[in-house]
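Student: Mind having a look at this structure? Questions to follow.
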Amino acid sequence: MTITIAIADDQALVRAGLRMIIDAVPDLNIVGEASDGREAIHVAQQFRPDVVLMDIRMPAIDGIEATRQITAAHSYQPRVIILTTFDLDDYVYGALSAGASGFLLKDVSPEQLIDAIRIVAGGDSLIAPSVTTRLIDTLVRQHAKPPRPLPSEMDDLTPREREIFEFVALGLSNAEIASRLVVSVATVKTHVTGVLGKLGLRDRVQAVVLAYETAIVRPGAHD
């Protein structure tokens, strides 16, 4: 199965380097490139790639806003990987809140890049659950905002699904949740898929963001 990819970066040299790496892999196919956020949105709408590699700092529209607009399309659910030269800062939280499935620093190895594309295309978030939670926890503490209302879809969750949602938000893996609930990992995976579907979330990263923004989980809850 071929994974289709779009590259968005304002530096032609970076795009060329990414293309060279990706073109060498048989099951990966680049379907479009963009030099700014506006072009990235257009390319995503036109070619519907499975994965978008998105730079943050770009002219016209930055990568965070482009990610927000791309992932907001209900008929098309791409996965966005943010490529950045920055580490734990405001950009990361902004990107995850906008709908990105993870982020990579631009100095990753070609092997790590390819692995990341496959992981995200397979429906998993790029960052380990515990890392995602601690990252968002730290950034929420730094930029405290009033909690937003719970989405109405939360009422559609069964008591067990609500319980699993909260475990996911705390950064527990499927295996850890299974151990706590004394059920199989496969059962947990089925529940997680159902929870994400009911809430309209792409992956576990978005579940963590939602839990913090609605105060279902408060900063420091996993300390």
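The values are calculated or read from the model by the stated rules, or taken from the named source; none is laboratory data. Quick caveat, the model's predicted, so the values are computed rather than measured. All Cβ positions, even for glycine, are placed from backbone atoms using ideal geometry, and neighbour counts span all protein chains on display. Note: accessible area is taken over every heavy atom of the protein model, side chains too, but ligands, DNA and RNA are not part of it. Shrake-Rupley method; radii C 1.70, N 1.55, O 1.52, S 1.80 Å.
Student: Kindly establish whether VAL131 is in a helix (DSSP H, G or I) and either open to solvent by less than 30 Å² (accessible area, probe 1.4 Å) or modelled with pLDDT of 90 or more (or both).
Tutor: On the way: in a helix (DSSP H, G or I): yes; either open to solvent by less than 30 Å² (accessible area, probe 1.4 Å) or modelled with pLDDT of 90 or more (or both): no.
So VAL131 does not fit the description; no.
Student: Can you find a residue in the range 101-108 that is at pLDDT 80 or above and closer than 15 Å to LEU210 by Cβ?
Tutor: Looking for residues that are at pLDDT 80 or above and closer than 15 Å to LEU210 by Cβ, one finds at least one in the range 101-108, hence yes.
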